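Asker: If you scroll down you'll find the structure; I have some questions about it.
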């Protein structure tokens, strides 16, 4: 018989009673009409993360981001003046897609259709046979800008040229809490990309709760988070924080004393913060200053960006809706620059130990979506550890209304 303390039962529902405890409708996860409303009323009206400034470290560096949810493609570029800007990837002459590659470095970008060229600030600098145009002014035909701002090295864009909120205002309490985490020191990046037939909210829901850990991840990192000696062998969050748009879940792992380490895990920990060790509260050589609540803090920046923070490492998610049941899931994991072969080995091991539970997650997403589409059930049933899901659906509904 379970010996769960009465004071812990339903603690998050008591803390956030405005969300209620009733069923949550499935329809927004399968309705094409609802998806179009999300495109118009959410994704086209909020700040979206599109990368980090290390990706365009030098003047003239750029990368291309196809934004299906906006119906456009953008170029994110560091100007010769050092400023980060974004533009619609569109020639001002006849609308050709300007940059056809995914990234590069340039002094100017030239259209492959008629040869119009633009500098790194988006100004039109070259027009073949310019005198044959009528009342033509170059200044009127630069690249179409996209509102751009940078917070703690993260590049955000907004489709509205004049957003109603600044990026700092939009991030609000997230920025208040996370300024000081050493993002800039963790510049080594590994990337995974999954192309899944799943609604973006269904994918996010599967990631922002720990209720599934003892079951789905029992062979990978369940024992890092859930102690076998616990009364219920169930996952429990140590903190949840819900804000106007955003949310956070914190876990506290079992630590080194309760962990059974393999020889390769023991070796890897000697040289850096492996994902499993950091997530589980284990120790390693090094002590980066953090702003953590638990050993693993999972921050969801509405609508589609996640910062998963640990001691000495972090990873991010970007969920890019393509259609009502199609999402690109970008995962990036960050470490300090390796100073020797041991640290490089540790990072490679850490990358792989994160990959395996992500594969377990991905194996579920499409199966869930296929059954939601069957119409067999009309509502989700969320428990207390799924309060972040309830909050996420609530914020989506408020935006759509």
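Every read-out reported here was derived from the displayed coordinates using simple, explicitly stated rules and does not represent laboratory data. What you see is a predicted model, and the numbers here were worked out from it, not measured in a lab. Cβ: placed from backbone, ideal geometry, glycine included. Neighbour counts: every protein chain shown.
Asker: Mind giving me the nanometre distance, one decimal, between the label points for residue 379 and residue 114, set 7 Å out from Cα along Cα→Cβ?
Answerer: With each label placed 7 Å out from Cα toward Cβ, I get 5.9 nm.
Asker: A further question follows. Rounding to the nearest 10 and keeping the result within 0 to 90°, find how far the Cα-based axis of helix 341-372 lies from the longest principal axis of the chain.
Answerer: Long axis of 341-372 versus the principal axis of the chain: about 90 degrees.
Asker: Moving on. Helix-only estimate, please: 222 nm mean residue ellipticity of the chain, summing -39500 (n - 2.57) across DSSP H runs of length 4 or more and dividing by its residues, to the nearest 500.
Answerer: That calculation yields -7000 deg cm²/dmol at 222 nm.
Asker: How big is the gap, in Å, between the Cα center of segment 2-65 and the Cα center of segment 68-88?
Answerer: Here the answer is 24 Å between Cα centres.
Asker: So, R0 is 22 Å and r is the distance between the beta-carbons of residue 41 and residue 368; what FRET efficiency does that work out to, to 0.05?
Answerer: On the way: r = 25 Å, r/R0 = 1.12.
Plugging the Cβ-Cβ distance into 1/(1 + (r/R0)^6) gives 0.35.
Asker: Among 112, 351, 201, which one shows the highest mean-square fluctuation when the chain is modelled as a Gaussian network with alpha-carbon springs under 10 Å?
Answerer: 112
Asker: In nm, what is the difference between 0.36 nm times the number of residues separating residue 137 and residue 215 and their Cα-Cα distance?
Answerer: Contour length minus Cα-Cα distance gives 21.6 nm.
Asker: At 1.306 mPa s and 10 °C, plugging the Kirkwood radius over alpha-carbon pairs of segment 37-125 into Stokes-Einstein gives what diffusion coefficient in µm²/s?
Answerer: 116 µm²/s
Asker: By how many degrees, 0 to 90 and rounded to 10, does the Cα axis of helix 387-400 deviate from the longest principal axis of the chain?
Answerer: 30 degrees
Asker: In nm, to one decimal, how far is the residue 191 label point from the residue 168 one, both placed 7 Å along Cα→Cβ?
Answerer: It works out to 2.9 nm between the two label points.
Asker: What FRET efficiency do you get for residue 352 and residue 101 if R0 is 30 Å and r is their Cβ-Cβ distance, rounded to the nearest 0.05?
Answerer: 0.55
Asker: What whole-number distance in Å separates the alpha-carbon centres of segment 299-348 and segment 92-169?
Answerer: 29 Å
Asker: DSSP beta bridges in segment 48-164, what fraction antiparallel, as a percent rounded to 5?
Answerer: 100 percent
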